[in-house]
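Below is one structure, written out as C-alpha cells; the observations come after it.
The values are calculated or read from the model by the stated rules, or taken from the named source; none is laboratory data. Nothing here was measured: the structure is a model prediction, and the numbers come from that model. Quick reminder, even Gly has a Cβ in these numbers, built from the backbone with ideal geometry, and neighbours come from all protein chains shown.
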Amino acid sequence: MKILMMKKPIAQACLLAGLLVAPISWAETSTMMSGMECQAGDANCMNHEGMNHENMDHGQMDHSMMNQGEMLHEGMNHEGMNHEGMNHEGMNHEGMNHENMDHGQMDHSMMNQGEMLHEGMNHEGMNHEGMNHENMDHGQMDHSSMQVQGGSAPTNARDPNAYSGGYTLTSGPYARKGPRQLHFADEHRFSALMIDNLELSRHDGDTSQRLSGEYWYGTTWERAVVQFDGERQDGATDAELGVYWRHALTAFWNTQLGVRHDSSDDLDRNWVGVGFQGLAPYWFESQAMLFVGKQGVTQLELEAEYDLLFTQRWILGLDGALTATGKRDPEGAFGQGLNSTQFGARLRYEFSRRFAPYFGVERSHHYGGTAGILGERASTEWVLGVKAWL
C-alpha cells in the first residue's frame, strides 16, 4: 500500500507530461510522415516552402549530381538567397526550362562575365521572347575580360586585291608618278570617250549611218564636254557638234553651258545653250537644254534614257527625245511649237562594260509645220550597231 502511494504522483506526472508533449510530437510526426510519402530522390514531391535558406552556404554545396531538368522551379522563391559564393562550374544547365523565369528581376551586377566559360553552354533551346530587360543594369556589368574579335586576319582570308587586276594605289596605269600617289579621284583629271550609237539604220529601203556620243575631260566637279551626233543618208550629211562646260551642282546633277553648231548640206547654224544633265530618280539618265539662235529663234530639247536589265549582260536600252521651238524658223527648217518626238528600244549584249553590240527599232513623229516641211508625219527605222566607251 505504501509502495502504491509513492508511485501515484509519478504516474500523474508522466500522464501530464504525455498530454503536453503529445500534440507537438503528433504535428512533427505528421510532417515527417508527409515527407516520407515521397520517394527517395524525388525533388518534385518535396515541399520547400517552410525552409529558411538565409544562413545556408551554397558555395560549399556540390550540385553536380542534381538533375536540374526535372525540378519544378515555379513555386520556389530565390529572393533571399545569396549566390555570390556559389560555384556553377559543375552544374549542367542543358535541361533547365527558363520559359517561366523572369530574368528582368534578377540582379546581374555582381556577376563577373569575364570569368564565365560560355564554350560548353548550349543556348539553342532557350526562349528569350519572354525575357524583360527593362530593369537590368548593363552599366554595372564587367566586360573587360571578354575577348572580342581582332588581331591578324586568318590565313584563308580573301585577298583585298583579288579583283583589281593586279593594280594598287601605288602601281599600275592609274597611279601618279612621284612621292604623292592617288588618294582621291577628284584631285586629278581624267577623260573618257563614250560612243552611244555607231549604227546602221534601214527606213523605206534606204540605209543610213549614224554616229553619236561625247568626250569629256576634267575632274569630278568641272569638265569640258564635246557632244557629237551625225547621220549620213543618200550622200547627204546632217551633224551637230556641241562644246559645253559641265559643273557638278549636286551628287546627281550637272549644269551645262556652251555652244552648238548644226551643219547640213543646205544650212549651217550656231546656238548658245544652257541646261542641266544628270541622273533622275528611278535611274533615268536625263538632259534638258535650251538653245538660242539668230533672229531670236529658241529651241528646247529634252532627252531621257533608261536601262532595263534582264541579266547582267542582256540589257534593253530605252530612250526618248522631244524637240520644240518658240517661233517658226526664218530659214524654213522647222515650224513653231512641238516639232518632233522620238522613241527607241535597243537590246544589247555586253561582252564587257566597254563593248556591247545591239539591235533595235526607233520610231519618230513630226508635228505641225515641221511635218509639212519634211513631208511626213511618222517613220520607223530598224537599227543595228555597237555601244562602246574608251
#### Entry: Among residues of the stretch 259-276, those that are surrounded by 15 or more Cβ atoms within 10 Å (Cβ to Cβ) and either in contact with a Lys or Arg (Cβ under 7 Å, 6 or more places away or on another chain) or touching a residue at least 40 places away in the same chain (Cβ under 8 Å) (or both), counted
4
### Query
Only one of (1) hydrophobic (A, V, I, L, M, F, W, C); (2) over 22 Å from Trp283 (Cβ atoms); (3) modelled with pLDDT of 95 or more; (4) out of contact with any Ser or Thr (no Cβ under 6 Å at 6 or more places or on another chain) is not met by Val383, so which one is it?
(4)
### Message
Quick check on the stretch 282-322: of everything there that is among the aromatic types (Phe, Trp, Tyr) and not in a strand (DSSP E or B), which residue is surrounded by the fewest Cβ atoms within 10 Å (Cβ to Cβ)?
### Response
Tyr282
### Query
So Asp234 clears everything in (1) at positive phi; (2) surrounded by 13 or more Cβ atoms within 10 Å (Cβ to Cβ); (3) of a type in the set (Asp, Glu) except one condition, right? Which one?
(2)
### Task
Take the stretch 358-373 and flag every residue that is crowded, with 17+ Cβ neighbours inside 10 Å and closer than 28 Å to Ala192 by Cβ.
Tyr358, Gly360, Glu362
